[in-house]
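Right, one structure below, let's go through it.
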Ligand code: CO
């Protein structure tokens with residue numbers, strides 16, 4: 001495994017993916033480069049065995065798949081998410097302050113750590129909808145320069161701040177945009193000029209802040225990495241690389257990346273939506289298979305829900321479970337929760353361990369402390385659409401949901417190797433509790 005090459009590619013992907021729209025666009029570019037065919041939900045699909053395809057929904061979720069043969073066994077899938085907690089720019093963003101400054105009105109998307117958003121260069125990226133002669137059209141915009149800052153209040157004006165502070169999103173978190181100069185200096189004008197359209201042609205926007213700090217390696221021996229959006233683009237990247245590098249097996253390999261995990265997944269493009277179910281059904285029909293064939297293939301399918309996980313924090317070692325302790329660079333984390341916040345059970349945990357052993361990569365196990373509630377993820381949510389054996393895993397990280405998170409320099413490569421095994425394998429299940437694993 002060449003860890004530094006993997007990280008170089010990962011960093012480029014992270015730096016060019018300020019939010020879900022760009023992450024999906026960059027993954028589409030890599031799939032296209034690899035010779036896969038772009039399908040559209042609004043057009044007919046003519047699928048052939050031996051080929052690879054990809055389809056997006058809302059330009060922010062993606063499913064790529066490779067069909068090895070018409071009589072495939074099942075679907076071997078990995079799902080991650082494209083979104084991260086962030087501040088969204090509200091409509092009518094400009095707020096004038098004392099006729100001197102203009103700041104931007106923003107609101108929270110997801111549950112972020114607020115403090116690390118202060119005092120660092122930020123910018124804006126997302127999509128705009130412009131009117132055209134035929135109707136409307138989506139354009140991606142990234143103001144690729146240091147543009148905004150959310151300044152802290154000086155300690156002299158808030159003496160108790162280091163004893164704990166409650167952030168008010170409407171008061172504390174609004175970024176400074178410009179001096180109040182000309183009437184024409186509006187936020188929408190800037191976005192229009194970046195997109196090469198006139199402000200009047202912009203009908204609506206989905207624009208988000210992002211941290212300008214690029215991804216880096218750090219630690220005495222460069223054993224750590226830090227970047228924005230490691231949760232969950234690190235897993236999305238590893239899943240894509242594994243998908244592209246895997247040898248075809250007996251099952252359809254499916255790489256899924258869903259938007260809106262950070263806000264509960266209940267959107268048309270989220271894991272609770274029909275995107276995966278619709279796509280698997282279309283594959284089934286396109287290959288001339290019956291509904292019974294579909295249900296039998298689901299019984300012989302496996303889903304790896306890949307979303308980053310907490311490593312033991314060096315300053316807060318007591319926050320982790322006493323016997324399931326996870327560390328950076330110690331491999332893929334299999335997550336357990338009795339209440340099924342994580343989908344892992346004895347069967348899917350065993351299959352994942354077998355995959356890691358076959359890939360020759362280390363793995364570790366995670367449970368929340370029994371007196372602490374953890375987060376949840378997309379694995380259990382997607383079950384309401386496509387119910388099948390699923391395991392929840394992730395890569396170990398620190399400072400989850402900060403705009404600058406820390407992870408291990410070796411773990412991405414481990415997940416790529418495991419993904420390669422997953423996407424080449426098949427798991428035959430009759431429904432009697434035994435499974436034939438074919439690697
Ligand atoms: Co996540």
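When segment 30-57 is limited to residues that are out of contact with any strand residue (DSSP E or B) (no Cβ under 8 Å at 6 or more places or on another chain) and surrounded by fewer than 15 Cβ atoms within 10 Å (Cβ to Cβ), the one that is farthest from residue 273 (Cα to Cα) turns out to be 33. Within segment 391-400, being over 17 Å from residue 316 (Cα atoms) and within 14 Å of the ligand (Cβ to nearest atom) holds for 392, 393, 394, 395. Just one of the listed residues (190, 209, 203, 244) is away from the ligand (no atom under 16 Å from the Cβ), closer than 27 Å to residue 375 by Cα and modelled with pLDDT of 95 or more, and it is 209.
The criterion of being over 30 Å from residue 287 (Cβ atoms), in contact with a strand residue (DSSP E or B) (Cβ under 7 Å, 6 or more places away or on another chain) and in contact (Cβ under 8 Å) with a residue 12 or more places away in the chain does not hold for residue 259.
Listed here are the residues, each with its yes/no results for (1) within 17 Å of residue 112 (Cβ to Cβ); (2) part of a loop (DSSP other than H, G, I, E, B); (3) in contact (Cβ under 8 Å) with a residue 24 or more places away in the chain.
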site: 178; (1), (2), (3): no, no, yes
site: 185; (1), (2), (3): no, yes, yes
site: 189; (1), (2), (3): no, no, no
site: 193; (1), (2), (3): no, no, no
site: 200; (1), (2), (3): no, no, no
site: 207; (1), (2), (3): yes, no, yes
site: 213; (1), (2), (3): yes, yes, yes
site: 226; (1), (2), (3): yes, no, yes
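Among the residues making up segment 266-287, a single one is assigned to a loop (DSSP other than H, G, I, E, B) and under 13 Å from residue 67 (Cα atoms): 287.
Apart from one condition, residue 340 fits all of (1) part of a loop (DSSP other than H, G, I, E, B); (2) away from the ligand (no atom under 16 Å from the Cβ); (3) surrounded by 21 or more Cβ atoms within 10 Å (Cβ to Cβ); the exception is (3). In the set 101, 109, only one residue is within 16 Å of the ligand (Cβ to nearest atom) and more than 24 Å from residue 415 (Cβ to Cβ); that residue is 109. One residue alone among 226, 238 is within 25 Å of the chain's Cα centre (by Cα), at pLDDT 95 or above and within 16 Å of the ligand (Cβ to nearest atom), and that residue is 238. The residues of segment 32-72 that are in contact (Cβ under 8 Å) with a residue 24 or more places away in the chain and at positive phi, listed by number, are 50, 58, 59. Candidates in segment 241-265 are the residues that are within 13 Å of the chain's Cα centre (by Cα) and assigned to a helix (DSSP H, G or I); of these, the one that is surrounded by the fewest Cβ atoms within 10 Å (Cβ to Cβ) is 263. Taking into account only those residues within segment 69-122 that are touching a helix residue (DSSP H, G or I) at 6+ places or on another chain (Cβ under 7 Å) and more than 30 Å from residue 239 (Cα to Cα), which is surrounded by the fewest Cβ atoms within 10 Å (Cβ to Cβ)? Out of the qualifying residues, it is 94. Give the residue that is nearest to residue 288 (Cα to Cα), with candidates limited to residues of segment 67-87 that are within 16 Å of the ligand (Cβ to nearest atom) and not in a strand (DSSP E or B). The selected residue is 82.
The values are calculated or read from the model by the stated rules, or taken from the named source; none is laboratory data. Everything numeric in this text was worked out from a predicted model, so none of it was measured. So basically every Cβ, Gly included, is an ideal-geometry build from the backbone, and we count neighbours across all protein chains shown.
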